[in-house]
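Down below is the structure, laid out as structure tokens.
The values are calculated or read from the model by the stated rules, or taken from the named source; none is laboratory data. It should be emphasised that the depicted structure is a prediction, and the values quoted were computed from it without experimental measurement. Cβ placement follows ideal geometry from the backbone for every residue including glycine, while neighbour counts extend to all protein chains displayed. SASA here: full protein model, heavy atoms, side chains in, ligands and nucleic acids out. Shrake-Rupley method; radii C 1.70, N 1.55, O 1.52, S 1.80 Å.
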Amino acid sequence: MARIIDGKKIALGIRQGLKTEVEQLTQERGVVPGLAVVLVGANPASQVYVRMKKKACEEVGIASFSHELPVDTTELTLLALVEQLNQDSKVHGILVQLPLPKQISEQKVIEAISPAKDVDGFHPYSSGQLMTGGPGFWPCTPWGVMELLRVEGVDPSGKTAVVIGRSNIVGKPVALMLLAAHATVTICHSRTPDLPKVVRGADIVIAAVGRPRMVKGDWIKEGAIVIDVGTNRLDDGSLCGDVDFDAASKHAAAISPSPGGVGPMTIAMLVKNTVESAKASSAIS
Ligand code: NDP
């Protein structure tokens, strides 16, 4: 049976380390890291995510500044708020929870955030830096995937990695990160022919599809490492991943569950990006 990659435990360790860093930063430099969290409308899933992110920040000593706007907020109003937060020296990170209501262009809002405060890592500047290997914020979910691999002692160098999904927030960035870590990477999507065959060739499988238990046990090569990014709500209200966990566990060497794998890591990496931003603003390396 596969080793279970415990994202909850790994994320807790990261947050505990960050708490110590924040204490030092506050004592030595008088800097309290600050995260502005902007929520437009009342999407229940977004409300849950925002609450979890704020709680995680507050637990490590980060100040969180909440901005809850009505669903009919105009693009101009939101852009003006982002600009105000860009100028606010108490704010080191700006998180605008997606999705936004349809009258607002998500791309315009993302591009309005200062790259120096882009702790979600979605700004084209951050994407460009990731692409070219320069310094910048990495998006939190793919970075969380890479941290799971690192902490588990999985070095992607020389291995074959298959990423299922090509979204801008998960599939593409995680593929770039694996490539930078010297894996040979294949990116799959809805038009990939014979997906099971492609996945069977992988030493590392990253599933980021959004389809409950789509990746079957017999797609997994013996001894592969499987990271399940998928978070799918079933009709009975429970959550499951993109991988058939029980079946895949019989073939993988290690596997991350969902929930309890990548989800907690995403939040931990957001906290980390915010602390890094505060450090950079006070010139501590
Ligand atoms: P998107 O819907 O943006 O992308 C899904 C990708 O899966 C697309 O590239 C799509 O291909 C591909 N796909 C869909 N169906 C198939 C199929 N039958 N075979 C192969 N590929 C397929 O999703 P996200 O990247 O935003 O999210 C993916 C999953 O990760 C979701 O379950 C989401 O909830 C979860 N997630 C979890 C996070 C966390 O913190 N734990 C954070 C972000 C996402 P195509 O491009 O051709 O349409």
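General observations
- Of 197/272; 250/272; 172/216; 19/159, pairs whose Cα-Cα distance is over 32 Å: 197/272; 250/272; 19/159
- Each 5 Å bin from zero holds the following percent of Cα-Cα pairs in the chain: 1, 6, 12, 16, 18, 16, 13, 10, 5, 2, 0, 0.
- Taking the square roots of 5 times each eigenvalue of the Cα gyration tensor of segment 31-114, largest first, gives ellipsoid semi-axes of 21, 16, 9 Å.
- Average accessible area per residue (Å²) across segment 140-263 - probe 1.4 Å, nucleic acids and ligands excluded: 44
- Accessible area per residue in Å² at 1.4 Å probe, computed on segment 31-114: 49
- Label point distance in nm, residue 106-residue 58, each placed 7 Å from Cα along Cα→Cβ: 2.7
- Taking the longest Cα principal axis of the chain as reference, the axis of helix 44-60 is set at about 70 degrees.
- Compactness of segment 210-273, taken as the C-alpha radius of gyration over 2.2 N^0.38 Å, stands at 1.17.
- The trypsin sites (Lys or Arg not before Pro) found in segment 104-204 that occupy coil by DSSP, while having at most 10 further C-beta atoms within 10 Å, are 191.
- Crossing angle, helix 75-87 versus the chain [Cα axis fit, 0-90 degrees, rounded to tens]: 80
- Taking the protein heavy atoms of the chain in the context of the full set of protein chains, the accessible area attributed to carbon and sulfur is 55 percent at 1.4 Å.
- Between helix 140-151 and the chain there is an angle of about 60 degrees, using the helix long axis and the longest principal axis of the Cα atoms.
- As computed over segment 140-263, the Cα convex hull volume per residue (Å³): 96
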